[in-house]
1. Take the Cα atoms of the protein assembly as shown, build their convex hull, and give its volume per residue in Å³.
2. Give me the lysines in straight-line cross-link reach of B:Lys36: C-alpha distance below 27 Å, same-chain residues under 8 apart excluded.
3. Mind putting a number on the dipole of chain A about its Cα centre? Charges go on the C-beta only, +1 for Lys and Arg and -1 for Asp and Glu, and I need it in Debye to the nearest 20.
4. Between A:Glu124 and A:Asp11, 0.36 nm times their residue separation minus their Cα-Cα distance comes to what?
5. For chain A, how many pairs of lysine residues have a Cα-Cα distance under 28 Å, where the two are 8 or more positions apart or belong to different chains?
6. Project the alpha carbons of the range A:1-97 onto their principal axes and report the range along each, largest first, in whole Å.
7. Is any residue of the range B:55-71 close enough, with backbone N under 15 Å, to a label point placed 7 angstrom from the Cα of B:Asn39 along the Cα-Cβ axis, and if so, which?
8. Would you mind ranking A:Asp70, A:Asp79, A:Asp14 by Cβ crowding within 10 Å, fewest neighbours first?
Amino acid sequence: METKSFPGTVDSLDSIREYAGQVANEVGLSKKPTYALKLAVDEIATNIILYGFERVGMEGTIEMSSEVVDGKLMLVIEDAAAPFDPLARELPNEEDLTQTLEEREIGGLGIFLTINGVDEFRYEFKDGKNRNIFVMNLE
Amino acid sequence: MAFTIQTVVEEQTAKMTLAGELDSLSARVFQTEIEKIANQPINELVLFMEKLDFMSSAGLRVLIFSKQKVGSHLSIYIVKAQELILDTLEKTGLHHSVNIVDEYPVL
């Protein structure tokens, strides 16, 4: 499992999405799940960069790796920022999603899109690192 | 692909042509464009998205921001957005609050 490392800044998001797209292409995902994976990875990486690193003035890296296990693509993002479980946050519910733009709160949509777009999303804190795991079923 | 945005203001309509990928880095550029028109008497914001290939929630937040900043009288038109971007707008319910059209002016 080859690991790629990216500086933990918003300038890296383009390359982070490109990595996710390459991995998706290698395992033959079609256009829609490839986009969904890139979107999910972008959302989680953005949170790590903005809240894990930038907000606390920490410099860090985002490590990405992938492997195929039992017919599933597992893409993993690791970072050494403070523990943060994206699943611990309350997601927008049906009522939130039907509110007009004037009434909307601005947060929470990224995690919602992440969970909604991949077949499975898992979080764990292991060996001092956050591990965000994106699982896509292979066709 | 690098994000680009071009803005033209004609009377009470602001037209913005977006291309490339809209993530949390490029959303800052988009938001700055919205801030520039926020104090003008704009009634319609028309976003041409045919060449926009990617939009994260950071782009959605700028849409929400524009309505909250300019005011509830603002009508937002999204013109020729790609299928996967429309999918994001629908999943998040934002399609109820904007006008999704194939061309502008709407016939």
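1. Cα-based convex hull of the protein assembly as shown, divided per residue, equals 128 Å³.
2. B:Lys15, B:Lys51, B:Lys67, B:Lys69, B:Lys80
3. 280 debye
4. Contour length minus Cα-Cα distance gives 38.1 nm.
5. Within chain A, the lysine pair count is 13.
6. 38, 38, 24
7. B:70
8. A:Asp70, A:Asp14, A:Asp79
Only the coordinates and a few stated rules stand behind these numbers; no lab work does. Predicted model, so just to flag it, every value in this text is computed and none were measured. For neighbour counting, all protein chains shown are included, and Cβ atoms are generated from backbone atoms with ideal geometry for every residue, glycine included.
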